[in-house]
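Below: the structure, in structure tokens.
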Amino acid sequence: MDSVVITITSGKGGVGKTTTTANIGTALALLGKKVVIADADIGLRNLDIVLGLENRIVYDSVDFIEGRCKLRQALIRDKRAGELYLLPAAQTRDKTAIKPQQMVDMINELRDEFHYILIDSPAGIEQGFQTAIAPADRVIVIINPEVSSVRDADRVIGLVEAHQKGPAMLIVNRIDSARVKKKDMLSVEDITEILSSQVIGIVPEDEEILSSTNRGQPVVLNSKGSAAQAYRDIARRIVGESVPLTMPSTGSFWQKLFGRA
Amino acid sequence: MSSFRELLFGKKSAEDAKSRLQFVLIHDRAEISPGLFEEIRNDIIMAISNRLNIDPSYISINMDEESGERRLLVDVPLKNSRRPTATRSTNN
């Protein structure tokens, strides 16, 4: 099978990597793709709880690496979204438990069976990040429209290129179009100009994200809200559909921006 | 359009964010910290003033980046060169 491995990272923590990974993975599965979302944040796993699968974990990726289970046994199927599987991280270990080459070998084992394998990277640029990007065919960097996130993203984009995994693509997360309009928040255009990278998604700040995370139900499963729509659009762009890049709840200016990117 | 607003309410915070990021990223990417940059600046001033009569307060040394190419721009007006003194009069 022609599989694509996408690592989702950011440098800075708390910008929405895990929520984004959960929603894009779910959206890809809802498009009929066979998808694994792998948590690479060993010791601080959260994909399981964001997806509402925390009670179903028996084995994790470290159990597989250390020979206690088959890879298939560590995968948890999320029946709400067709062929969606979670590969959980170990919670009681640290980032040294999986070496970059072990990660590559483990992910390669999944390539035959799945269309998309998404890897949720830990924050930072240390070993956990290096391990998470080692198997990647593509890297997505999540950014919030604020200075510390953009600066860290620039560093990560440079490292992604140094590892020959570039060019990284950007998702601008938690943007507030009203504040952008008042020039009180960096715009997507500002961010692409500063970082000179391509944007593949713009996700608005949306109250629904917190309540859906509280319930363990990714918004793409059943919401018509603007964040849910943004995640679905990103999934469609990933599978190769041409979906205009629109600023949530504003007009065609953003489509022009996409044409330029 | 926003210039009138700017006069009334000052510069918008997003513009500050953008210009500050552009400055800091030039230094980050070149791996030259503002502190090291200041030392380089002092070295350049010292090297030139050993040989030429210059006024260090006129020297401008900047990092610049255009389409991925970084450069150090050094502008050293020589004293008694009849250079307009506009900068000095606005500074004072």
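All of the numbers you see were taken from the coordinates with simple rules; none came from a lab. What you see is a predicted model; the values in this text were computed from it and never measured. Reconstructed Cβ throughout: ideal geometry from the backbone, glycine too, with neighbour counts over all protein chains shown.
Amide H to amide H distances under 5 Å link residue A:78 with A:84, A:85, A:86, where only residues 5 or more positions off or on other chains count and H is placed in the peptide plane.
Placing unit charges on each Cβ (+1 for Lys and Arg, -1 for Asp and Glu) gives region A:15-81 a dipole about its Cα centre, and among A:36, A:57, A:46 the Cα reaching farthest toward its positive end belongs to A:36. Running a GNM on chain A with Cα contacts under 10 Å, which residue among A:132, A:230, A:123 ends up with the highest mean-square fluctuation? Answer for the Gaussian network model of chain A: A:123. Result for chain A in a Gaussian network model with C-alpha springs under 10 Å: among A:152, A:105, A:176, the largest mean-square fluctuation is at A:105. Compared with the dominant principal axis of the Cα atoms in chain A, helix A:226-238 is inclined by about 70°. Between helix A:147-162 and chain A, what is the angle of the helix's C-alpha long axis to the longest principal axis, kept within 0 to 90° and rounded to the nearest 10? Around 60 degrees separate the two axes. The region of chain A that goes longest without hitting one of the GluC sites (Glu not before Pro) in a DSSP loop, each with at most 12 other Cβ atoms within 10 Å, is A:1-125. Cβ crowding within 10 Å, taken as a proxy for footprinting-reagent exposure, orders A:64, B:23, B:37 from fewest neighbours to most as B:23, B:37, A:64.
When each of B:74, A:5 is scored by the number of other beta-carbon atoms lying within 10 Å, the sequence from fewest to most is B:74, A:5.
The angle separating the long axis of helix A:17-30 from the principal Cα axis of greatest extent in chain A is about 80 degrees. Look at the alpha carbon pairs under 8 Å that are at least 6 residues apart: their mean separation over the length of region A:105-186 gives a relative contact order of 25 percent.
Rounded to the nearest 20 debye, the dipole size of region A:5-100 about its Cα centre is 220 debye, using +1 on the Cβ of Lys and Arg and -1 on the Cβ of Asp and Glu. Under a Gaussian network description of chain A, with springs only between Cα atoms under 10 Å, the residue in A:112, A:120, A:233 that fluctuates furthest is A:112.
Dipole size in debye (nearest 20) for chain A around its Cα centre, Lys and Arg Cβ +1, Asp and Glu Cβ -1?
Dipole about the Cα centre, nearest 20: 400 debye.
Taking other residues whose beta carbon is less than 12 angstrom from the beta carbon of residue B:23, and scoring Lys, Arg as +1 and Asp, Glu as -1, yields 0. Taking a threshold of 27 Å on the Cα-Cα distance, which of the pairs A:12/A:183; A:70/A:95; A:165/B:11; A:79/A:99; A:224/B:11; A:17/A:99 fall above it? Over 27 Å Cα-Cα: A:165/B:11; A:79/A:99; A:224/B:11.
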